[in-house]
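Trainee: Questions regarding the structure given below will be posed in turn.
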Amino acid sequence: MHNIIEEAQFKVATYNTRRHFLRKCMSGLGALALGSLSGCDPWSSAKQGASSHTAETARSLLTHFPGKAKNVIFLHMAGAPSQLELFDYKPTLNQLDGKDCPTSLLEGKKFAFIKGVPQMLGTQAKFQQHGQSGAYVSDYLPHFSKMVDEVTFLKAVHTDEFNHAPAQLFMHTGGPRLGRPSMGSWVSYGLGSENQNLPGFVVLVSGSEPSAGKSIWGSGFLPTIHQGVQCRSEGDPVLYLSNPGDVDPFLRKRSIDIINEINEQEYIESKDPEILTRISQYELAFRMQTSVPEVMNINEEPQWIHDMYGTQPGKNAFANNCLLARRLVENGVRFVQLFDRRWDTHGAGPNNGVDGALKNACQEIDKPMSALLKDLKQRGLLDETLVVWGGEFGRTPMMEARSGANFKGRDHHGDAFTMWMAGGGVKKGFTHGETDEIGFSGISGRVHIHDLQATILHQLGVDHERLTYHFQGRDFRLTDVAGKVVKEIIA
């Protein structure tokens, strides 16, 4: 129900039904009388509960140990970009281009689309070493190639999943099925928000939603105040946040107060903690009416910033979202999650391969993600902001050839792919891990998804084994029962 006036009226009507009155009048009047005799405000416990809960959910928290990062910006390229065209240079793979894949590579392996014996596919990009670190980056990313000395590459990341939706869930929730909290929700639950007027976990999407849908930023079994709030770079920053045309701020606030008074009464009766979460959400939503439009208004940025990012105010664009991510962490948002969906380059048809389509996708992100690193650094924010980039898995060194035609595409591949991190206390100009001579398997420095999650939490000062939530009889955590911090990449 989006009309808050109607919801206030509905709440009042529901609460004051004749049945409710008859059921509760004796105990309610008794409680009032007892409270009066004892000199206590019968609603005070609920108010204190709501107040303390608000403080709890927005607390500036105690970490398990001093963290090197205060915020995280996670740039997820939904669809899984090919590491073999971007970061993992393999001259031997080029020599094998067009030859049949050795059957030893296929035995016991599961692929989403490859059938029979595929042909090897050499890289479609040109690689060159860059910076003092000498990191290889392809000509698909000319702007990013100038930033390699700020970055740690993880060359041998691996996952358990080989289809998009479960792999995306695995990356962000620690499990491949629905129902578990997102990483941003865990961070919000563990560390709260630095800004009482903004959510601790904000999501920005360019293109369509990722395959896993909105559940990928859900709070699962954590209190719903910790779920990701999706903001937009076009239209209203948050849907249904603005007042309807005939409702002014005073009436809006009065309506929320009435709803929350009833929620407080319901909490006294039921002791359901989710009611306190709902109270906090109403209060935060009201405060966001002022704070969110200010933060999301990139028009006030100087022209040189727009030129650096390549932004187009008012449009749904990855560039706009990168600039918004900087503005959000600048204003105390703890975890900013970007999804960009254009990376599923199977070669299932023309303009869907790792030659044209992947190169076009890189042109959309190269300049803005590089600008984000530059901008955070020049503002002194990169040291305290951990930037993470990657997809849900990588791509095979073999050509998929799903349609039988010679379109240059690659299948899903979870055994070895590249991600990178920057800022937030990780090493600069560093590479961790290595794949074999064709980029099929990791041969050193392998990093599992749970290791990646443990490391992100560690940089925030959180022990992934101690950040738990008791649910259905056992303690849960983001990394399930696995994960180890990748200490080799920490500065």
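The values are calculated or read from the model by the stated rules, or taken from the named source; none is laboratory data. Please read these numbers as outputs of a predicted model, since none were measured by experiment. Backbone-built Cβ (ideal geometry, glycine too); neighbour counts: all protein chains shown. These area figures cover heavy atoms from the full protein model, side chains too; ligands, DNA and RNA do not enter into them. Shrake-Rupley method; radii C 1.70, N 1.55, O 1.52, S 1.80 Å.
Trainee: Out of all the residues in the stretch 120-135, which are open to solvent by 30 Å² or more (accessible area, probe 1.4 Å), in contact with a strand residue (DSSP E or B) (Cβ under 8 Å, 6 or more places away or on another chain) and either among the charged types (D, E, K, R) or within 17 Å of Gly347 (Cβ to Cβ) (or both)? Walk me through it before giving the result.
Mentor: Kept after step one, since they are open to solvent by 30 Å² or more (accessible area, probe 1.4 Å), are these residues of the stretch 120-135: 124, 126-133.
Subsequent filtering for residues that are in contact with a strand residue (DSSP E or B) (Cβ under 8 Å, 6 or more places away or on another chain) retains 126-130, 133.
Matches in the stretch 120-135: Lys126 only.
Trainee: Can you work out which of the residues in the stretch 320-329 that are closer than 14 Å to Met369 by Cβ and of a type in the set (A, V, I, L, M, F, W, C) is surrounded by the most Cβ atoms within 10 Å (Cβ to Cβ)?
Mentor: Among them, the one singled out is Cys322.
Trainee: Now for a different question. Among residues belonging to the stretch 330-340 that are closer than 21 Å to Glu300 by Cβ and open to solvent by 10 Å² or more (accessible area, probe 1.4 Å), point out the one that is modelled with the lowest pLDDT.
Mentor: Asn331
Trainee: May I ask you to list the residues in the stretch 374-387 that are surrounded by 24 or more Cβ atoms within 10 Å (Cβ to Cβ) and hydrophobic (A, V, I, L, M, F, W, C)? Even if it seems obvious, please write down each step before you answer.
Mentor: Of the residues in the stretch 374-387, the ones surrounded by 24 or more Cβ atoms within 10 Å (Cβ to Cβ) are 376, 385-387.
Residues satisfying the conditions are Leu376, Leu386, Val387.
Trainee: State which residue pairs qualify: first residue among the aromatic types (Phe, Trp, Tyr) and inside the stretch 262-273, second residue exposed (fewer than 14 other Cβ atoms within 10 Å of the Cβ) in any location, beta carbons under 9 Å apart, and separation of 6 or more residues or different chains.
Mentor: Taking only residues 6 or more apart or on different chains, the pairs are Tyr267/Pro273.
Trainee: Evaluate the following for Glu85: is it acidic (Asp, Glu), under 30 Å from Arg334 (Cβ atoms) and either under 25 Å from the mean Cα position of the chain (by Cα) or modelled with pLDDT of 95 or more (or both)? Talk me through it step by step, then tell me what you get.
Mentor: Numbers: acidic (Asp, Glu): yes; under 30 Å from Arg334 (Cβ atoms): no; either under 25 Å from the mean Cα position of the chain (by Cα) or modelled with pLDDT of 95 or more (or both): yes.
In short, no.
Trainee: Hey, another quick one. Take Glu194 and decide whether it is within 19 Å of the chain's Cα centre (by Cα) and modelled with pLDDT under 90.
Mentor: On the way: within 19 Å of the chain's Cα centre (by Cα): yes; modelled with pLDDT under 90: yes.
Yes; evaluated as a whole, the condition is true for this residue.
Trainee: Six or more apart or on different chains, Cβ under 8 Å: which pairs go from a residue in the stretch 177-193 that's without any contact (Cβ under 8 Å) to a residue 24 or more places away in the chain to one that's not aliphatic (A, V, I, L, M)? Could you list them?
Mentor: Arg177/Pro166
Trainee: Name the residues in the stretch 86-119 that are in contact with a strand residue (DSSP E or B) (Cβ under 6 Å, 6 or more places away or on another chain) and touching a residue at least 60 places away in the same chain (Cβ under 8 Å), would you?
Mentor: Answer for the stretch 86-119, where residues must be in contact with a strand residue (DSSP E or B) (Cβ under 6 Å, 6 or more places away or on another chain) and touching a residue at least 60 places away in the same chain (Cβ under 8 Å): Leu86, Phe87, Asp88, Leu93, Leu96, Cys101, Phe111, Ala112, Phe113, Ile114, Pro118, Gln119.
Trainee: Among the listed residues Gly213, Gly245, Gly207, Gly218, identify the single one that is modelled with pLDDT of 85 or more and at negative phi. Full working, then the answer.
Mentor: Working: Gly213 fails: at negative phi; Gly245 fails: modelled with pLDDT of 85 or more; Gly207 fails: at negative phi.
One residue alone meets the criteria, Gly218.
Trainee: May I ask you to say which residue of Thr479, Thr431, Thr396 is hydroxyl-bearing (Ser, Thr, Tyr) and within 14 Å of His158 (Cα to Cα)? Can you show your working first?
Mentor: Details: Thr479 fails: within 14 Å of His158 (Cα to Cα); Thr431 fails: within 14 Å of His158 (Cα to Cα).
Testing whether each residue is hydroxyl-bearing (Ser, Thr, Tyr) and within 14 Å of His158 (Cα to Cα) leaves just Thr396.
Trainee: From the list Ala371, Ala357, Ala361, pick out the single residue that is free of Cβ contacts under 8 Å to residues at least 60 places away in the same chain and either buried (at least 23 other Cβ atoms within 10 Å of the Cβ) or outside any loop (DSSP other than H, G, I, E, B) (or both). Please lay out each step first, then the result.
Mentor: Working: Ala371 fails: free of Cβ contacts under 8 Å to residues at least 60 places away in the same chain; Ala361 fails: free of Cβ contacts under 8 Å to residues at least 60 places away in the same chain.
After ruling out the rest, the residue left standing is Ala357.
Trainee: Does Pro199 fit the bill of being buried (at least 24 other Cβ atoms within 10 Å of the Cβ), at pLDDT 95 or above and in contact with a Ser or Thr (Cβ under 9 Å, 6 or more places away or on another chain)?
Mentor: No: the conditions fail for Pro199.
Trainee: Can you tell me which condition Trp343 does not meet? The list is (1) aromatic (Phe, Trp, Tyr); (2) touching a Leu at 6+ places or on another chain (Cβ under 6 Å); (3) assigned to a loop (DSSP other than H, G, I, E, B), and all the others hold.
Mentor: (2)
Trainee: State all residues of the stretch 260-277 that are in contact with a Ser or Thr (Cβ under 8 Å, 6 or more places away or on another chain) and open to solvent by 30 Å² or more (accessible area, probe 1.4 Å); if no residue qualifies, say none.
Mentor: Ile268, Glu274
Trainee: Separate question: So how many residues does the stretch 341-354 have that are more than 23 Å from Val205 (Cβ to Cβ) and surrounded by fewer than 19 Cβ atoms within 10 Å (Cβ to Cβ)? Lay out the reasoning, then the answer.
Mentor: Initial filter on the stretch 341-354 (more than 23 Å from Val205 (Cβ to Cβ)): 347-350, 353-354.
Subset that is surrounded by fewer than 19 Cβ atoms within 10 Å (Cβ to Cβ): 348-350.
Adding up the residues that qualify gives 3.
Trainee: Based on what the data block shows, is Thr455 in a strand (DSSP E or B) and hydroxyl-bearing (Ser, Thr, Tyr)? Working first, answer last.
Mentor: On the way: in a strand (DSSP E or B): no; hydroxyl-bearing (Ser, Thr, Tyr): yes.
For Thr455, the condition - in a strand (DSSP E or B) and hydroxyl-bearing (Ser, Thr, Tyr) - is not met.
Trainee: Can we say Lys428 is basic (Lys, Arg), touching a residue at least 12 places away in the same chain (Cβ under 8 Å), surrounded by 16 or more Cβ atoms within 10 Å (Cβ to Cβ) and not in a strand (DSSP E or B)?
Mentor: On the way: basic (Lys, Arg): yes; touching a residue at least 12 places away in the same chain (Cβ under 8 Å): yes; surrounded by 16 or more Cβ atoms within 10 Å (Cβ to Cβ): yes; not in a strand (DSSP E or B): yes.
Against the criterion (basic (Lys, Arg), touching a residue at least 12 places away in the same chain (Cβ under 8 Å), surrounded by 16 or more Cβ atoms within 10 Å (Cβ to Cβ) and not in a strand (DSSP E or B)), Lys428 qualifies.
Trainee: Go through the residues of the stretch 139-148 one by one and say whether even a single one is in contact with a Phe, Trp or Tyr (Cβ under 6 Å, 6 or more places away or on another chain), crowded, with 19+ Cβ neighbours inside 10 Å and among the small types (Gly, Ala, Ser). I'd like the intermediate steps shown before the answer.
Mentor: If we filter the stretch 139-148 for residues that are in contact with a Phe, Trp or Tyr (Cβ under 6 Å, 6 or more places away or on another chain), which is where we start, we get none.
The answer is no, given that none of the residues of the stretch 139-148 is in contact with a Phe, Trp or Tyr (Cβ under 6 Å, 6 or more places away or on another chain), crowded, with 19+ Cβ neighbours inside 10 Å and among the small types (Gly, Ala, Ser).
Trainee: In addition: Going residue by residue through the stretch 70-78, is there one that turns out to be open to solvent by 10 Å² or more (accessible area, probe 1.4 Å) and either over 26 Å from Leu382 (Cα atoms) or assigned to a loop (DSSP other than H, G, I, E, B) (or both)? Spell out the reasoning first.
Mentor: Going residue by residue through the stretch 70-78, those that are open to solvent by 10 Å² or more (accessible area, probe 1.4 Å) are 70.
Filter again for either over 26 Å from Leu382 (Cα atoms) or assigned to a loop (DSSP other than H, G, I, E, B) (or both), leaving 70.
Scanning the stretch 70-78 turns up at least one residue that is open to solvent by 10 Å² or more (accessible area, probe 1.4 Å) and either over 26 Å from Leu382 (Cα atoms) or assigned to a loop (DSSP other than H, G, I, E, B) (or both).
Conditions tested, residue by residue: (1) at pLDDT 95 or above; (2) of a type outside the set (S, T, N, Q); (3) farther than 30 Å from Val333 by Cα.
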{"residue": "Gln128", "(1), (2), (3)": "yes, no, yes"}
{"residue": "Tyr140", "(1), (2), (3)": "yes, yes, yes"}
{"residue": "Pro166", "(1), (2), (3)": "yes, yes, no"}
{"residue": "His172", "(1), (2), (3)": "yes, yes, no"}
{"residue": "Gly179", "(1), (2), (3)": "no, yes, no"}
{"residue": "Met183", "(1), (2), (3)": "yes, yes, no"}
{"residue": "Gly190", "(1), (2), (3)": "no, yes, no"}
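Trainee: Let me ask another. Go through Gln281, Gln312, Gln289 for me and flag whichever is outside any helix (DSSP H, G or I) and open to solvent by 20 Å² or more (accessible area, probe 1.4 Å).
Mentor: Details: Gln281 fails: outside any helix (DSSP H, G or I); Gln289 fails: outside any helix (DSSP H, G or I).
Within the list Gln281, Gln312, Gln289, the selection yields Gln312.
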